[in-house]
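The values are calculated or read from the model by the stated rules, or taken from the named source; none is laboratory data. Bear in mind that the values here come from a model prediction, so they are computed numbers and not experimental data. Backbone-built Cβ (ideal geometry, glycine too); neighbour counts: all protein chains shown. Protein only, heavy atoms only, side chains kept; ligands, DNA and RNA dropped before computing areas. Shrake-Rupley method; radii C 1.70, N 1.55, O 1.52, S 1.80 Å.
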Amino acid sequence: MHATRKLWTWLAVICVLSFAVLGWVGTEIYLTAPPIPKQVVSAEGTVLFSEGQVQRGQESWLSAGGQQLGTVWGHGSYVAPDWSADWLHRESLALLEIWAQKESQTSFDQLGQGRQAELKARLKDEMRRNTYNSASDAIIVSAERAKAIQQVAQHYIALFGNDPSLEKLREQYAMNRGTLPDPKDLQALPAFFFWSAWAAATDRPGAADLSYTSNWPHEPLVDNTPTAGAGIWSVASIILMIAAIAGMIFYHSISKEEADPVPPKADPLFDLKPTPSMQATRKYFYVVIGLILAQVGMGVITAHYAVEGHSFFGFPLADILPFTVSRTIHTQFAVLWIATAWLATGLYIAPAISGHEPKFQKLGVNVLFYALLFIVVGSTAFGWLGSLQHKGNEFSFWIGNQGLEFTSMGRVWQILLFIGLLFWVTLLGRGLLPALKKPSESRGLIAMVFLAAMCIGAFYATSLTWGPHTHYSMIEYWRWWLVHLWVEGFFEVFATAVIALLFTRLGLIRAATANSAIILETIVFLFGGILGTLHHLYFTGTPTFVIAIGAMFSALEVVPLAMIGVEAFRNYQRSKAAPWVQAYKWSILCFIAVGFWNTVGAGLLGFSINTPIALYYMQGLNMTAAHGHAALFGVYGMLGIGLLLFCLRGLSDRAVWSDKLLQAMFWLLNIGLAMMVFMSLVPAGIYQAVASITKGMWYARSPEVIHSHFMETLVWMRVPGDIVFSIGVVCLAVFALRLLTGKKRTQTRLADIAYAKASNKA
């Protein structure tokens, strides 16, 4: 108990200090973020962009799809360009052409190499010189640059408008015509794109060759290249990671771990009778399966848009289901079904652990279910409606689609979901309270489950921290609090603690061992994970020390994965500990698959893009998608399915349980995911990375690369993996359906037997 108390103390200290640093970083980002000018004017006094247009342009882009329609500073989707990189390249070419025509009466391409080099040197000076005047709150540009800006602005007005000459380009970007029908939005959009590119190339005050985004994106024309810090901290993070892994292995080798206990002769949970509230959680799991089916369907459509931007095998599907909507549903449903599986597991196990069914608990579980269903259906429908009918900025932010990846639902739905999560924490606490009050070896585990649940409820409040006019750097700061800390942090701690608790209830691991192990694991995970959040923010208008802190601490996130193989092997041994454990075989194998994908998806693929120097060239390319698919489904998805199967085992008639369907599901999902990632996404990511390194980020995201024969072939190479994966999902759906129909058949058969017996007696 003394050792456990020490671990709890260390956990508290690490959390307090880490969040203090993370909060301090936030204040520094706020103070040093790229300034948003009231005006952009030429040296002759021509107003290019007026007060408020940068902010309105940001709102307009987000309402048009935002991070589902290309990226800004590398965050978002991958079919349309990164608009900051695209603007920077287009403006640079336009300015070179204006100079060449004015001074040499010929195009830039026709000039000799010496003259081209002279103009490129002048371009670097023009683009990198910071001309923001804090007194007038204006950016002042030369007359020639003003002309270049106006030319590029007209391109974007035509692209997001109805210009028929750009229809081919819209199709390549998977954009619909008339994306922004409001003329004021259309005029403001270029202001935001210009500002994002200006911040990416202009030197910070008092610095040379260092832009607000630490020289991201790679653009040779303006000498945007990696900073020395990006290289140094990348090397330092790798050294730290290797040293920490060595330390972890050494600690594990000298630590004496108790052997697993002798398993019980019979299933300890065989006679567990589900309480009314436990039975009420069954419908949650069927909704989870429905959301998985919808998410996979939207994923297939979204991937196909990378080849046919407006159509699905010739059918003009984008007229009713644009790319921005299908991708929003695909990413949003991924988070929703995984979270729902974990929330329902918490509600299921609470009475089972405490042996107590609180009054009105079933009513609370049912009310929460329909509330969550209302939020899912409502946010999806209004987001879809807002995108199709172009309802505008206010509608999009409040009840439509905010345009932010993984947290796209409108603010009203976010508030309702926050209230729902607090209600879930209350229900969970009511169920666990008797067990928390009662001294026991597993009380520490139960406390960890409840503390993680409280953090899940409380930290969703970070989705409410930004408003429609918040600086884009701060939106990204708070968004990653939600995506990284909420989804990848506290939900993972919650699920890991739940698994340890389930294993102790089955008698497969000792409660005291699990109690210490889960606290230690949480310490190790959060020590790197909390400040590791900053690796998402290297190039989003943040101070340079973000690169140092993010690189070093995110490298530590990989360290716990060094022992994943040992834990996976022990779990495999536990699955064979006694004959009755076979009843939970596929749940346990799902947990083992989590370990595999943690190593491959989060570890190998994650760290391949994690260091500043790697991410500099690969942010916003398909290597990110490869990491995202392998980690999100492979780790969190398989974890959710494993928990789902465990709960359904206790809620279902064991006579209708089909291991054959689960066997097919398990292998098809994992093989299909591996095919999808390694036959399509990884090769595409590597191909784009080469393009980014050699020519620049603008080129890696250009139609010339995205719609090259090689890249489109790789999109088609996803089809075999998608088919295998989809069949696995169908096997899960059929399995769940059989549980329902099999139960009804069993009940009918028992009723017939009872009736026959009664008739014979009569």
| note | Per the Cα gyration tensor, the range 215-297 corresponds to an equivalent ellipsoid with semi-axes, largest first in Å, of 49, 32, 9
| message | Can you give the log10 of the normalised intensity I(q)/I(0) at q = 0.13, 0.21, 0.26 Å⁻¹, computed with Debye over equal Cα scatterers of the range 308-370? | response | -0.57, -0.87, -1.06
| Potential extension, VAL21-ALA614 segment - 0.36 nm per residue separation minus Cα distance | 211.0 nm
| field | Chain lengthening between THR713 and PHE270 when straightened (0.36 nm per residue, less Cα-Cα) | value | 154.3 nm
| Under the definition of Cα pairs under 8 Å and six or more residues apart, what whole-number percent is the relative contact order of the range 497-604? | 20 percent
| message | Once R0 is set to 25 Å, what does the formula 1/(1 + (r/R0)^6) return for the Cβ-Cβ distance between ASP319 and GLU394, expressed as a FRET efficiency to the nearest 0.05? | response | 0.50
| message | Given the C-alpha atoms of the chain, compute the convex hull and give its volume per residue in Å³. | response | 167 Å³
| said: Under the rule a/c < 1.5 gives rounded, and otherwise a/b versus b/c splits prolate from oblate, where does the range 273-391 land using the Cα gyration tensor? | reply: prolate
| Tell me, what is the Rg over Rh of the range 530-619, with Rh the Kirkwood radius over Cα pairs? | 1.18
| Long-range Cα-Cα pairs in the range 344-426 (distance over 22 Å), rounded percent | 38 percent
| For LYS38 and VAL690, what is the calculated FRET efficiency with R₀ set at 56 Å and r taken between the beta-carbons, to the nearest 0.05? | 0.85
| query | Which whole-number value in Å² is the accessible area per residue of the chain, probe 1.4 Å? | reply | 39 Å²
| query | For the chain, what's the relative contact order in percent, using C-alpha pairs closer than 8 Å and at least 6 residues apart? | reply | 17 percent
| field | Qualifying lysines (Cα of each under 26 Å from Cα of LYS438; at least 8 residues distant if same chain) | value | LYS6, LYS273, LYS359, LYS362
| Based on DSSP H runs of at least 4 residues, each adding -39500 (n - 2.57), what is the mean residue ellipticity at 222 nm of the chain after dividing by all its residues, to the nearest 500 deg cm²/dmol? | -21500 deg cm²/dmol
| Any idea what the relative contact order of the range 397-543 is, in percent, if you count C-alpha pairs under 8 Å spaced at least 6 apart? | 24 percent
| note | In nm, the gap between the two label points placed 7 Å beyond Cα toward Cβ at GLN151 and PHE360 is 7.0 nm
| task | Using only Cα atoms, tell me the angle between helix 659-676 and the longest principal axis of the chain; keep it within 0 to 90° and round to the nearest 10. | result | 20 degrees
| request: Can you give me the P(r) profile for the range 400-544? Cα pairs, bins 10 angstrom wide beginning at 0, each as a whole percent. | output: 11, 35, 30, 17, 7, 0
| So if R0 is 30 Å, what FRET efficiency would GLU704 and LEU422 give, r being the distance between their Cβ atoms, rounded to the nearest 0.05? | 0.05
| Mean Cβ neighbour count within 10 Å, used as a protection proxy, ranking 151-161, 435-445 highest first | 151-161, 435-445
| query | Over all distinct Cα pairs, what is the inverse of the mean 1/r for the range 417-500, reported as the Kirkwood hydrodynamic radius in Å? | reply | 13.9 Å
| Which loop trypsin sites (Lys or Arg not before Pro) in the range 312-377, with loop taken from DSSP, have no more than 15 other Cβ atoms within 10 angstrom of their Cβ? | LYS359
| field | Lysine pairs within the range 60-204, Cα separation less than 24 Å, 8 or more sequence positions apart or different chains | value | 6
| Is the range 262-318 best put as rounded, prolate or oblate by its Cα gyration tensor, with a ≥ b ≥ c the root eigenvalues, rounded for a/c under 1.5, and otherwise prolate when a/b is larger than b/c, oblate when not? | prolate
| request: Would you work out what percent of the accessible area of the chain, with all protein chains in place, is carbon or sulfur (probe 1.4 Å)? | output: 66 percent
| task | Compare the peptides 603-615, 721-733 by average per-residue count of other Cβ atoms within 10 angstrom and give them in order, highest first. | result | 603-615, 721-733
| For labels at ARG5 and ALA461 in the simple 7 Å Cα→Cβ model, what's the distance in nm? | 3.0 nm
| field | Potential extension, LEU436-THR225 segment - 0.36 nm per residue separation minus Cα distance | value | 70.4 nm
| query | Between the range 39-54 and the range 191-229, what's the alpha-carbon centroid distance in Å? | reply | 21 Å
| query | Looking at the square roots a ≥ b ≥ c of the eigenvalues of the Cα gyration tensor of the range 38-138, which shape do they give, rounded for a/c under 1.5, prolate if a/b is larger than b/c, or oblate? | reply | oblate
| said: Angle check, please: helix 361-389 long axis (alpha carbons) against the longest principal axis of the chain (alpha carbons), in degrees 0 to 90, nearest 10. | reply: 20 degrees
